[in-house]
Each structure stands twice: as structure tokens, then as C-alpha cells.
Amino acid sequence: MKFCPNCAATLTIKIPADDSRERYVCEACGRIHYQNPRNVVGSIPAYGKQVLLCRRAIEPRFGYWTLPAGFMELGESTSAGAARETFEEAGAVVQMGPLYSLLNVPHAEQVHLFYLAIMTSPDFAAGEESLEVALFDEDDIPWSELAFPTVKQTLEWFFADRAAGFFEPGKEFHVRSRDVLPSERI
């Protein structure tokens, strides 16, 4: 960032008064420009015992499989964004469940949130950002072709929790969370 989006003056990097971090500061209008993590929201769309995955038609990780997810938009909740991304990328209408996993990806300046979701029908179709979309049994997941460590981690937790019976009525589960380090690769 070089210029102030408010007044177009050149920005400086300094620690503002009453702050502890360097920020982009406009000396002309006094505005402090904060940079914060971006939220990636998605779902784990289940139909029976299968999970819906999308093969990416965009970079990064073109051609790799992922859960339907994308950047949250202004004016929407995280769960509404996850449902929107599921429809846009996979053409699937889902009944949103609770938040399932929250993964911090500080090196990419992102936070990934995945919700449990039940497909309302077996209908789905590849959206503009997907080459193809398919339902997978756990044993058929293309583990070596998953796009991101957060997707792999979420699916591993999901299948382990499902096998342990945590998704049965009356059972409680806790939101899964961890930090994903830059050295992690699929």
C-alpha cells in the first residue's frame, strides 16, 4: 500500500499513538489503514455417507480437490457466506449446520471456517470456479490431490468424528481448531 485510499497522499509506516504495531498511516488526513485477516468460509456438504468436493478451476491449486469455500463478502454472516460459496462452486443447496472447524492460517493472512451442511437433494453442478464436482465416500477421497492443508485437516476430523458417533442426535461436539503453519504441505 503506497497511497491513502481516502485522500491519495503518500502513506508512511509507523506505530500510531496508543498502538503497538506498525500500520500504514496517512500524514495528510491522519487516517490509519489497518490490515486484517480475510475470512474464508465453506461447508462440508454431506449427502448420506458421502461428501461433496470440487475440483478447482482457478489458482491457487488449479485442478486440485477442495471443499466448497471462498472469501466472505461484506454484509453476510459466515454461515450465509458458506452456503453461498457451496451454491456458487458446487451448485448444491444445503441446510447449514453448526460451525465445525476454525483454522488460523497466519502466513496467508486468512482464517478458514467450515460448517457442517446437509445437501437437500443429490443435485449439484460445477460452478465457474470448479472443473467438476463429485460426491465421495471416505475411502474414495483423493487425499493426495487435496488443494489445501485446511481442507485435509477438516476432512480428517470430520470422518474421525463421524466414526466416533459425534454427529448422532443428542451428542455434542466441540469446534475443531488449530493453527496451520507455512511449512505444511499436502
How many residues of the range 93-110 are over 23 Å from Phe166 (Cβ atoms) and not acidic (Asp, Glu)? The answer is 6
Failed criterion for Asp140 (all others in (1) of a type outside the set (Lys, Arg); (2) without any contact (Cβ under 8 Å) to a residue 60 or more places away in the chain; (3) touching a strand residue (DSSP E or B) at 6+ places or on another chain (Cβ under 6 Å) hold): (3)
Taking the condition assigned to a helix (DSSP H, G or I), surrounded by 19 or more Cβ atoms within 10 Å (Cβ to Cβ) and either in the same structural domain as Leu52 (by TED's automatic domain parsing) or without any contact (Cβ under 8 Å) to a residue 40 or more places away in the chain (or both), does Glu156 pass? no
Could you figure out which of (1) under 27 Å from Leu102 (Cα atoms); (2) outside any strand (DSSP E or B); (3) in contact with a Phe, Trp or Tyr (Cβ under 9 Å, 6 or more places away or on another chain) isn't true of Ser20? (3)
Complete set of residues in the range 84-130 that are in a helix (DSSP H, G or I), at pLDDT 95 or above and closer than 17 Å to Pro60 by Cα: Glu85, Glu89
Suppose the filter is aromatic (Phe, Trp, Tyr), surrounded by 14 or more Cβ atoms within 10 Å (Cβ to Cβ), over 18 Å from the mean Cα position of the chain (by Cα) and outside any helix (DSSP H, G or I); does Phe166 pass it? yes
Can you tell me which residue is surrounded by the fewest Cβ atoms within 10 Å (Cβ to Cβ) among those in the range 56-71 that are under 19 Å from Tyr115 (Cα atoms) and not polar (S, T, N, Q)? Phe71
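The values are calculated or read from the model by the stated rules, or taken from the named source; none is laboratory data. All figures in this text were calculated on a predicted structure; none of them were measured in a lab. In this analysis, Cβ positions are derived from the backbone assuming ideal geometry, glycine residues included, and neighbour counts consider all displayed protein chains.
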